[in-house]
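A.B. asks: My questions will all concern the structure given below.
Derivation of every value follows stated rules applied to the coordinates shown; laboratory data play no part. Everything numeric in this text was worked out from a predicted model, so none of it was measured. Ideal geometry is used to build each Cβ from the backbone, glycine not excepted, and the neighbour counts take in all protein chains shown.
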């Protein structure tokens, strides 16, 4: 399972590529948090269902990854798109059934708050894996930190965008944007359980 539900404003829709005779466009969906920070998330949408830019939409899809030049590119693949009503509440939810694929990294903020960074692999129906970074905070970080590579888990949270400065070899920095799941729950899945 890899299910994303987003409600926000779609922006910058433009043609991207064709695949098996179908055209796709890239865009950004902007979703404000309660804090006022806006998550700007990349979206890939079939031109058959692509809305006009600057429209409030509800998107149902998957959080996917692809490897380009040894870089993991993350994006939302829109499977369904609906025009959202003006009174419809913004939404940013993701639930993924996945396997932990790298050792969990435990750290703390300068103020002492616990953080756990987790990378999971989530298989599509065709068997291709998507590699998704997740970050856990506070009490839930301690729970996440007790997991090991290969553990089968269900993670719930929201997708966030985060700007950071990347140090370059010449001593300068470059502004970058990272995308990750800000997780608020992790549950172990027994292999005998069936998840639909």
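A.B. asks: Could you rank the peptides 143-149, 13-19 by their average count of other C-beta atoms within 10 Å per residue, with the highest value first?
C.D. replies: Values: 143-149: 15.1, 13-19: 11.9.
Per-residue mean Cβ counts within 10 Å order the peptides as 143-149, 13-19.
A.B. asks: Next question, about the same structure. Binning at 5 angstrom from zero up to the longest distance, how are the C-alpha pair distances of segment 95-188 distributed in percent?
C.D. replies: 3, 13, 21, 23, 17, 12, 7, 4, 1
A.B. asks: With just the Cα atoms defining each centre, how far is segment 33-103 from segment 124-196? Give it in Å.
C.D. replies: Cα centroid of segment 33-103 versus Cα centroid of segment 124-196: 15 Å apart.
A.B. asks: Now for a different question. Tell me, what is the FRET efficiency for residue 99 and residue 67 to the nearest 0.05, using R0 = 30 angstrom and their Cβ-Cβ distance as r? Write out the running numbers ahead of the final one.
C.D. replies: On the way: r = 18 Å, r/R0 = 0.60.
So the FRET efficiency works out to roughly 0.95.
A.B. asks: Grab the Cα-Cα distance for residue 164 and residue 80, subtract it from 0.36 nm times how many residues apart they are, and report the gain in nm with one decimal. Intermediate results must be reported in sequence, preceding the final value.
C.D. replies: Numbers: separation 84, 0.36 × 84 = 30.24 nm, distance 3.12 nm.
Length difference between fully extended and current span is 27.1 nm.
A.B. asks: Taking R0 as 30 Å, what FRET efficiency do you get between residue 1 and residue 177 from their Cβ-Cβ distance, rounded to the nearest 0.05? Please report the intermediate quantities before stating the final value.
C.D. replies: Working: r = 26 Å, r/R0 = 0.88.
After rounding, the FRET efficiency stands at 0.70.
A.B. asks: So between residue 190 and residue 19, what do we pick up on full extension, going 0.36 nm a residue minus the alpha carbon distance? Please list the in-between numbers first.
C.D. replies: Numbers: separation 171, 0.36 × 171 = 61.56 nm, distance 3.69 nm.
Gain in length upon complete extension: 57.9 nm.
A.B. asks: Please quote Rg/Rh for the chain to two decimal places, taking the Kirkwood radius as Rh and restricting both calculations to Cα atoms. Before the final figure, lay out each step's value.
C.D. replies: Numbers: Rg = 17.5 Å, Rh = 17.9 Å.
With Rg and the Kirkwood Rh in hand, the quotient comes to 0.97.
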